[in-house]
1. Please say if the range A:52-139 is rounded, prolate or oblate, where rounded means a/c under 1.5 for a ≥ b ≥ c the square roots of the C-alpha gyration tensor eigenvalues, and otherwise the choice is prolate for a/b larger than b/c and oblate otherwise?
2. Between residue A:17 and residue A:178, what's the calculated FRET efficiency when r is the beta-carbon distance and R0 is 30 Å? Round to 0.05.
3. Along its principal axes, what span do the Cα atoms of the range A:197-322 show, with the longest given first and each in whole Å?
4. Each residue of the range B:90-103 in order: what ³J(HN,Hα) in whole Hz does its phi give by Karplus 6.51 cos²θ - 1.76 cosθ + 1.60, θ = phi - 60°, with x for Gly and Pro?
5. Which is the longest stretch in chain A that no exposed loop site breaks, taking sites as GluC sites (Glu not before Pro) with a DSSP loop state and at most 14 other Cβ atoms within 10 Å?
6. First check a/c for the range A:2-89, with a ≥ b ≥ c the square roots of the eigenvalues of its C-alpha gyration tensor; if it is under 1.5, answer rounded, and if not, answer prolate when a/b is larger than b/c or oblate otherwise.
7. Most mobile of A:87, A:282, A:155 per a Gaussian network model of chain A (Cα springs, under 10 Å)?
8. For the residue pair residue A:148 and residue A:67, what label-to-label distance in nm results when each label sits 7 Å from Cα along the Cα-to-beta-carbon direction?
Amino acid sequence: MCEIYFRRSDDQVERVSLSQGETVLNGLLNRGVEVPYGCLTGVCQSCLLRSTDSEIPEESQKGLSASQKKMGYFLSCCCRPKQAMIVSLSNLFKKETSQVLEKEILTDQVARLRISKALCYRSGQFLTLWKSQDVARTYSIASHPSHDDFIEFHVRLYDNGVFSPWIFDGINVGDEIEIQGPMGECFYNANGKDQPMLLSGIGTGLAPLYGIARDALLSGHTGRILLLIGSRTKQGLYYEEELKALQRDYPQLEVKFSVSELDRDEAATKSHSRDIYSYAKVLMPDLAGAKVFLCGGESFVRKMRRQCFLNGANMDDIASDIFLCFPS
Amino acid sequence: MSVYEAIGGAAAVDAAVDIFYRKVLSDERISEFFDTVDMAEQHKKQKAFLTMVFGGPNAYTGKDMRSAHAGMNLTVVHFDAVAEALVSTLEDLEVPQGHINEIVGIALSVKDDVLNV
Ligand SMILES: Cc1cc2nc3c(=O)[nH]c(=O)nc-3n(C[C@H](O)[C@H](O)[C@H](O)COP(=O)(O)OP(=O)(O)OC[C@H]3O[C@@H](n4cnc5c(N)ncnc54)[C@H](O)[C@@H]3O)c2cc1C
Ligand code: HEM
Ligand code: FES
């Protein structure tokens, strides 16, 4: 057990005891301290806290910049301290206010949100969106910074979720929304214009991949680009028309779908493959020298990354974003 | 000049790490030890391994190797598999035989510690 002293203000300090292995974020939330958070896995940085005079566990500063580390910032969702810590909320990241320009429900599972361009970004990076002072989630960017005058997100609906149902039913065109970022390393690098590229994702994992594919094509990428999108059911797929149009304009782009639960008729026509992993292997067997982008749930990203690595892609050439994973 | 410098230092480690890690993951005798969820973290450990056996700068002692591998119940079979992956990586990279011998020598020098005997 160890103690956390949460500094609300200079003269108001709250003491919270953590149980064995509990994170600082969890401990504070359980005691009713409102710390913002999003991914719970050390990605979105919305749970950032600061501690200037205590020892900070190394793993809670992974992915932070050298100056952030020096200033005592750490990710409270990954912080399991062994000793007492004095912590306070951070006001490091500037939030920008953006406006909802357009909202479209694409399928019963996926909504497209377009907001005003309140900050600079690269296609495929992600932003943290705030629903209220203490509820934040991260979403990847599908739009292009110079060709689109909006920032576009594709949001998948989780019925029991806190944030995504609000995108579907709560927020409206004209509303203001606070955003923060950008973050993430999944974006196109124009250094290898003739490199083959494999972009693969599940569901709304398409959002960053669509952004990256367009960025690559608009930057004059000449190498083959394979965009392989998986979904459990056919209803989970969206943007098929947009992708077809893109394919017509750019012959180097190849778009394929994989659906794991096909009904019998669909399976018979063989228009979709069921197993995205073996399909990827058939479509692009040798990944030596290829650039790989993977976006989706944890098990997909881990399994596909391993396969891509074993099929010849360099570790440094595999970029990935894990959308959801639940601490077990 | 140390063998580490002779084969190109940190750049040699970078060139070798993906090839070596791929071989290790594909070898059924040992893949389970390295097939963790966090590939990026594992990738770093592979680099530490290569830097060490190339005779590069590292702060590890035999005692560290003992504790790093304690509790894994490693046997000669495991050790040989890693050594084979190492040698075949170096051969893929066309490292001269003399250097390979030297590198294998370094690996053998910590064998007892790694196997905790
Ligand atoms: C880098 C990054 C980029 C992302 N980009 C996108 C994107 O472009 N598009 C997109 O749609 N999403 C994206 N996400 C996911 C997104 O941030 C949210 O996690 C997602 O929208 C769910 O939020 P929610 O508040 O609706 O659901 P939450 O309230 O967070 O819960 C999600 C769902 O999981 C269930 N759940 C909660 N906890 C558990 C648990 N312990 N075990 C099992 N089930 C549980 C809930 O009931 C709910 O159905 C991204 C995430 C990351 C980290
Ligand atoms: C040839 C001699 C070997 C050397 C010089 C060596 C070296 C190392 C080094 C430097 C580390 C990193 C320690 C750290 O910083 O945490 C390490 C970790 C490890 N080694 Fe070895 N190793 C050897 C043999 C083996 C063998 C034979 C196996 C099993 C087949 C093995 C399995 C591991 C594992 C599983 C880890 C820990 C990885 C982790 O913590 O995730 N090693 N080794
Ligand atoms: S980084 Fe901690 S909640 Fe996202």
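Laboratory data are not the source of any read-out in this text; all were calculated from the coordinates shown. All values derive from a computational prediction rather than experimental measurement. In this analysis, Cβ positions are derived from the backbone assuming ideal geometry, glycine residues included, and neighbour counts consider all displayed protein chains.
1. Numbers: a/c = 2.64, a/b = 2.27, b/c = 1.16.
It comes out prolate by the Cα gyration axes.
2. Details: r = 33 Å, r/R0 = 1.09.
My answer for the efficiency is 0.40.
3. 39, 32, 23
4. 5, 5, 4, 8, 6, 6, x, 4, x, 5, 4, 4, 5, 5
5. After excluding every exposed loop site, the longest remaining stretch is A:56-184.
6. It comes out rounded by the Cα gyration axes.
7. Most flexible of the set in this elastic network: A:282.
8. The two pseudo-label positions are separated by 3.0 nm.
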